[in-house]
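Written below as structure tokens is the structure these notes are about.
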Amino acid sequence: FIAYFQTFTNTYGPVEHLRSLYDEALAQDDIVGLAVGTRPDCVPEEVLDLFEEYARSHHIWLEYGLQSIHDGTLKFINRGHDAETYYDAVLRTAGRNINICTHIIVGLPGETCTDIMKTAEQVASLPVNGIKIHLLLALRGTGLGDLYEAGKIRMMTKDEYVTTVCDILEILPPNMVI
């Protein structure tokens, strides 16, 4: 099994605290590695060094929540980082024997199909091993939920989502994990 630290930012904290969490997971007999979800603005060098150390003996994935390469979109959805921060995190992670996964969201407010494809093209051009393609979710009680309920944004239909994902898959390298 691979222990999955998914929800929230799992690289935010003192390295020794992170080490204790990851060591506890890796100490289990049936755990062969870690998959850790985080933000691209929360991977200082010492954290990447820790994952590189683990990667010498375990299967390691770092999952970066990019969502979009378009800074206007990132600002609108309050990501707290820009696309350059993502590029920097990927390039600093590459070459350390750490698998990199990128999360993107399709159907973000204001983005066209062309915008979505540009995000996919950028991810495809980088040393990224995997991608997760999410459909926008606007939860009640959030800013996006309020916009949706007010009719100011719309959600993609299932057919639009499937078509978009198929178009993205045609862009991605054949060895990329989906």
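Placing +1 on the Cβ of every Lys and Arg and -1 on the Cβ of every Asp and Glu, with no other charges, gives the chain a dipole of roughly 420 debye about its Cα centre. Evaluate E = 1/(1 + (r/R0)^6) for LEU139 and PHE1, where r is the Cβ-Cβ distance and R0 equals 30 Å; express this FRET efficiency to the nearest 0.05. About 0.55, to the nearest 0.05. Accessible surface calculations at 1.4 Å, restricted to protein heavy atoms, place the chain at 53 Å² per residue. What a 1.4 Å probe finds exposed on the chain is 53% carbon and sulfur by accessible area, rounded to a whole percent.
Mark the label point 7 Å from the Cα of VAL32 along Cα→Cβ and return the residues of region 47-91 whose backbone N is within less than 18 Å of it. What the label zone holds, given the 18 Å backbone N cut-off, is 54-62. For the chain, modelled as a GNM with alpha-carbon contacts under 10 angstrom, which of CYS42, CYS166, CYS101 fluctuates the most? Among CYS42, CYS166, CYS101, the largest GNM mean-square fluctuation belongs to CYS166. Considering only DSSP beta bridges with both partners in region 5-115, what is the antiparallel share in %, to the nearest 5? Counting DSSP beta bridges with both partners in region 5-115, the antiparallel share is about 0 percent. Using only Cα atoms and rounding to the nearest 10 degrees, what angle (0 to 90) does helix 15-26 make with the longest principal axis of the chain? Long axis of 15-26 versus the principal axis of the chain: about 80 degrees.
Taking 41 Å as R0, compute the FRET efficiency from the Cβ-Cβ separation of GLU24 and ALA124 and round it to 0.05.
Working: r = 36 Å, r/R0 = 0.87.
Efficiency at R0 = 41 Å is approximately 0.70.
Take ARG92: with every protein chain present and a 1.4 Å probe, its accessible area is about 60 Å². Angle of helix 83-93 to the longest C-alpha principal axis of the chain, folded into 0 to 90 degrees and rounded to 10: 20°.
The order of HIS17, HIS58 by accessible area, most exposed first and with a 1.4 Å probe, is HIS17, HIS58. Translational diffusion coefficient of region 1-47 (Stokes-Einstein, Kirkwood radius from Cα pairs, 4 °C, 1.567 mPa s): 117 µm²/s.
So what is Rg over Rh here for the chain, counting just Cα atoms and using Kirkwood for Rh? Show your work: numbers first, answer last.
Numbers: Rg = 17.0 Å, Rh = 17.2 Å.
The Rg/Rh ratio comes out at 0.99.
Using a simple spin-label model with pseudo-atoms 7 Å out from Cα toward Cβ, GLU45 and ASP159 lie 5.4 nm apart. For LEU74, what is the net charge nearby, where nearby means another residue's Cβ is under 13 Å from its Cβ and Lys, Arg count +1, Asp, Glu -1? Summing Lys and Arg as +1 and Asp and Glu as -1 gives -3.
The values are calculated or read from the model by the stated rules, or taken from the named source; none is laboratory data. Everything numeric here is computed off the predicted structure, so don't read it as measured data. Using ideal geometry, Cβ is built from the backbone for each residue, glycine included, and neighbour counts are taken over all protein chains shown. Ligands, DNA and RNA are stripped out before the accessible areas are found, and what is left, the full protein with its side chains, is counted by its heavy atoms. Shrake-Rupley method; radii C 1.70, N 1.55, O 1.52, S 1.80 Å.
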